[in-house]
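Asker: Quick one: structure below, then a few questions.
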Amino acid sequence: MDCLNAEFEKITAALLKSRTGEFDLESILFLKLRSHGIHDLGCVGECINLERLDLSGNNITNLAPLASLRLLSVLNLSANRISSLEPLRSCDNLQNLNLAGNIITSVESLHCLQSLRKLENIRLKDNTYNYTNPVCRNTSYRAIVLEMFPNIKVLDGERVVGRGSDLYQLCKDIDDTIKAGLYKNGQLIEHPDCKPWVEDSYWEIKRSNNAIIEEAYKQFNDVLHECRLLNNRAIHVISQTERSMSLKKQPKQYAI
């Protein structure tokens, strides 16, 4: 079976070496094992110099092997079966943590992360993929998390501090203004079709042999994919709304 498509119950040294091409586990800096049916992290803790790790879409419940990854800065654990985050308190360098789509039930489960001073991006729900956690059902969830992590910059994909939040609010204000301008006396105003700001090929990414740049490309591609999904959903909603409004405008037919 092709190792790129196979399902693995446990992470082994042979698997890591085959996926990365590295002979020494300590030489691995980036690792992506997405959607492989993994439930046992095995020897991943021996990759002590690991900086970026993607284990999304597996069946992981126990994070104990991650406790030794002191240099880990980006960790994606979305779409697993995780309820306890205790081992992550040792990951001192952690900055970006994705936990969307797990079974974290309470904010108390997040207390162990408060000692991570570099943590600035936490995701517990992802509307693009319909991932969430039971804790997100709490109506005060967002306020409590922001109080627990005063240095956090991004929560669930939305910036909460710094210039990013100003930009978010500015874009929101612009959107509201545009929406208001689409209507006059309660009626939708027709506008000519708008052209895109840039050509379709503008966002095409050229490949690179540099491992760090290559990983950055992958991260950016993921963001672009999410943007395209959101764009498709927006187009669908707009189409439905326009269809509904056109039906309302049609005069009622009465049988004689």
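The values are calculated or read from the model by the stated rules, or taken from the named source; none is laboratory data. What you see is a predicted model; the values in this text were computed from it and never measured. As a convention, Cβ positions derive from the backbone with ideal geometry for all residues, glycine included, and neighbour counts pool all protein chains shown.
Asker: If the requirement is being within 15 Å of the chain's Cα centre (by Cα) and either buried (at least 19 other Cβ atoms within 10 Å of the Cβ) or in a loop (DSSP other than H, G, I, E, B) (or both), which of these qualifies: GLY37, GLY57, GLY42?
Answerer: GLY57
Asker: Let me ask something else. Looking at (1) over 16 Å from LEU119 (Cβ atoms); (2) touching a Lys or Arg at 6+ places or on another chain (Cβ under 6 Å), find the lone condition where ASP92 falls short.
Answerer: (1) is the only condition that ASP92 fails.
Asker: Among what's in the range 1-59 and is basic (Lys, Arg) and more than 17 Å from LEU97 (Cα to Cα), pick the residue that is modelled with the highest pLDDT.
Answerer: Step by step, filter the range 1-59, then rank; the result is LYS10.
Asker: Going by the conditions given, is LEU71 surrounded by 18 or more Cβ atoms within 10 Å (Cβ to Cβ) and assigned by TED's automatic domain parsing to the domain that holds VAL154?
Answerer: No; evaluated as a whole, the condition is false for this residue.
Asker: If you don't mind, another one. So, in the range 123-143, of the ones that are of a type in the set (Val, Ile, Thr) and within 21 Å of ASN76 (Cβ to Cβ), which residue ends up surrounded by the fewest Cβ atoms within 10 Å (Cβ to Cβ)?
Answerer: Applying the filter and picking the extreme gives THR128.
Asker: So which of THR12, THR61, THR105 is of a type in the set (S, T, N, Q) and farther than 25 Å from VAL135 by Cα?
Answerer: THR12
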